[in-house]
1. Considering only residues of region A:189-213 that are without any contact (Cβ under 8 Å) to a residue 60 or more places away in the chain and more than 10 Å from chain B (Cβ to nearest Cβ), which is surrounded by the fewest Cβ atoms within 10 Å (Cβ to Cβ)?
2. Output the qualifying pairs, or none if there are none: Cβ atoms under 7 angstrom, residues six or more apart or on different chains, first residue in region B:125-142 and more than 9 Å from chain A (Cβ to nearest Cβ) and part of a helix (DSSP H, G or I), second residue surrounded by 19 or more Cβ atoms within 10 Å (Cβ to Cβ) and modelled with pLDDT of 80 or more.
3. Do you know which of the residues in region A:88-108 that are of a type in the set (Phe, Trp, Tyr) and within 7 Å of chain B (Cβ to nearest Cβ) is nearest to the chain's Cα centre (by Cα)?
4. Mind checking which helices (runs of 4 or more DSSP H) fall wholly inside region A:1-83 and carry at least 3 residues that are buried (at least 16 other Cβ atoms within 10 Å of the Cβ) and over 31 Å from the mean Cα position of the chain (by Cα)?
5. Collect the residues in region B:166-197 that are within 15 Å of B:Leu87 (Cβ to Cβ) and hydrophobic (A, V, I, L, M, F, W, C), keeping them in residue-number order.
6. Within region A:165-188, which residues are more than 14 Å from chain B (Cβ to nearest Cβ) and crowded, with 16+ Cβ neighbours inside 10 Å?
7. Would you pick out the residues in region B:236-280 that are in contact (Cβ under 8 Å) with a residue 12 or more places away in the chain, within 11 Å of chain A (Cβ to nearest Cβ) and farther than 15 Å from B:Asn69 by Cβ?
8. Identify, please: which residue in region B:201-218 is more than 13 Å from chain A (Cβ to nearest Cβ) and touching a residue at least 12 places away in the same chain (Cβ under 8 Å) and is, among those, surrounded by the most Cβ atoms within 10 Å (Cβ to Cβ)?
Amino acid sequence: MKKRKRLKSSVSYIVMILIAVIHMIPLAVMFLNSVRSNDAIRKRLIAFPEEIHWENFVTAWIRGGYLDAYISNLIIGLSAASIVLCVTGFAAYGIVKLDAPGKRFFRTYFTAGLSIPGFAIIATLFFMFNRVGLINSRIGMIIIYSAINIPFNFMFVHAFFEGMPKELDEAARIDGASELQNFWYNVLPLAKPIFSTVMLIVFVNVWNEFLFSNTFLQDEKVRTVALRFYNFVGKNSGDPAYIYAAAVISVLPILMIYMLMQDTFVDGMTSGSVKG
Amino acid sequence: MKRMKKMKGTLFVLPAFFIHVVIVLVPAAGMVFYSFTNWNGLKEPEFVGLQNYIAMLSDSSFFHAMKNNLVWMAMFLVIPLAVGLVLAVMLLNIGRGQMLLRTVYFLPYVVGAAIAGKVFATFYSPYSGIASIFQSLGIESLSNFAPLGNGRLALYAVAFVDNWHWWGFVLVLMFSALHQVDRSLLEAATMEGAGPVRKFFSVTIPQIKPTILSYFTFIIIASFTTFDYVWIMTQGGPANATELASTWIYRKSFISYEVGYASALCTTVCMGCLAVYLVLAAVQKIRGRDGE
C-alpha cells in the first residue's frame, strides 16, 4: 500500500516537472538565443550557444533606445505607484477608520469601477487629452495609470485595514493625536507590507501595460520599455539575435523582482481578482 | 464635533474618487453620449440618433469579430481551467517542491503581453522560427510553417500564447481555493473506497464551485474585451481572420476616425457584458440561497 503511494507520488512528480520544463521552453529559448549569433539562430532555433555573444545586448540596448525607455518607465511607474498608494491609503483610512459618510456609496463605486474595461474610455479620453496637450506626455500617462489602478488597490488596502485592531486608533485619539499623526505613526508601520505590495502591483502593471501606452505615447522619446520592444521587433525582423536580446532587456527587471519577492507578487496579483 | 470628524473621513476619500471619476467615469459616460453622434474625434459632434446602432446591425465585420470572441471564450473557459485545476490538485498532494513548482508555473504571468506576444511571433516567423526546425528535420510540408500568416490557424496561434501566459495564474487561484477544501470529506471518501477521479469530481469540485463560477463570469466578460495579444501579434489579420470586437473598435476609433460609430459598438459590447454579469450574479445568489 505504502509502496503504491510512493510510486504514485513519484509519477505525479515526473509529470509536474515535465510540464514545468515544457512551460519554460519559450523563455529558455529566449535567454539562450539572446547570446547566439543571427546566423546560428536562423539555422537552428533551439540550440545551446557555441560561443557567447554578449555584444548582442549592447547592440539591442543602443538600437532600441533602451536608456530613454528605462528612464521613461521608471518615472511613470514610480510616480503612478506613489500616487495610487497615497490616494488609496487615504481613501481606505477615511472609510474604515474615520467611518466617512457615504462609505457604502464609495465602496460600491470602486467595486463597479473595477469592471469598466479600458476600451470603454480610451477613445474619449484620447481626444480629451489631445485638447489639453497630454498626448506624448509622461504626466498624462501617470494620471491614467493612477486612475485605472485605483479600484483594485483600494479594495486591497481596504480589506487590510478592516482586519486591523481598532483599539490602537482609540488609544491614539485619547492621547490627542491628529488623524494625520495617527495615520503616520500608527497605521503606516503596520501597513508597510501591504503598501509595498501596492507599489509592486502598480509598477509591474505599468511596465507591462500596452493598450493605453501604445495609444497615448507615440513619440519614441517617451515610449516605455514594452513599447520600445514592440517597435524594435518590427524594425529588426532580420536580426533575431537582437530581438531576443532586446526581449531579455525588456523583461529582466520584472523577472528579477518576481524572483526576489514572489510571495508578495503572487498574493498581490491573485487576491480578490477572480475569487468567489 | 463628531460630524466634523466624520466629514474629515470623506475628505480622505475624495482624492481617489476624484481622479477616478475624471479619468474613467467621465470618458465612459462620454462614450455612451458620443455613440449617438457622428463624432470623428476632432470636429464638433452632430447628433444622429440611433443611426450608429442601426448601421451596426449590417456590419458583417463586427459580427465576424464577435464570432472570434466566442471561439476565444470557449477556449479560455476550458483549457486554462482544466490544466490549472488538475495541476493544482496534483500540487496540493505533494510535499517538497510545491512552492518551487508554483513559482515556475506562475512565471509567464509576469511577462508582459508585448514581450510574450512578439517573442512568440518571432518563433512563428517562417524565416528564423519553428519553421527552421521542420526544415532541418527534413519535414518539407511544414518547412513553411507560419501560423500567423494562415487565416485558419492564426487565432489559435495567438490564443496559445495567451494561454501559456495565463494558466499559471488560474492554477494559483484554484490552489488557494483548494486549500479551503475540507480534508476530512476527502479522507471519508478514501475510506469508502473512492478513487482519485471520483474524489475529484464528487468531493473537490463541488467545494470549489464558487471559485469556478467566478472564473467563468470573469472569462465570459474578459473574452469580449481582450485586445493585447491579438493586436500585438496580428493586428486582426491576416484579412480579418483574427479580428475581435476590441480590435475592430480600436480600428474604427483610431484608424478610420469613426469615433461615434466605434462608441456605439463599444457601448453595445459593454452593455452585453454588464447583462451577462448581472444574470450570472443573480443565478449565483439564488443558488447560494438554495444551498443554505
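1. A:Pro189
2. Within 7 Å, the pairs are B:Phe134/B:Phe145.
3. Per the stated criteria, the residue is A:Phe90.
4. Correct list: A:38-43.
5. B:Trp166, B:Trp167, B:Phe169, B:Val170, B:Leu171, B:Val172, B:Leu173, B:Met174, B:Phe175, B:Ala177, B:Leu178 - these are the residues of region B:166-197 that are within 15 Å of B:Leu87 (Cβ to Cβ) and hydrophobic (A, V, I, L, M, F, W, C).
6. Matches in region A:165-188: A:Asn186 only.
7. B:Lys252, B:Ser253, B:Tyr257, B:Glu258, B:Val259, B:Gly260, B:Tyr261, B:Ala262, B:Ser263, B:Thr267, B:Tyr277
8. B:Thr204
The values are calculated or read from the model by the stated rules, or taken from the named source; none is laboratory data. What you are looking at is a predicted structure, and each value in this text was computed from that prediction instead of being measured. Virtual Cβ from ideal backbone geometry, glycine too; neighbours counted across all protein chains shown.
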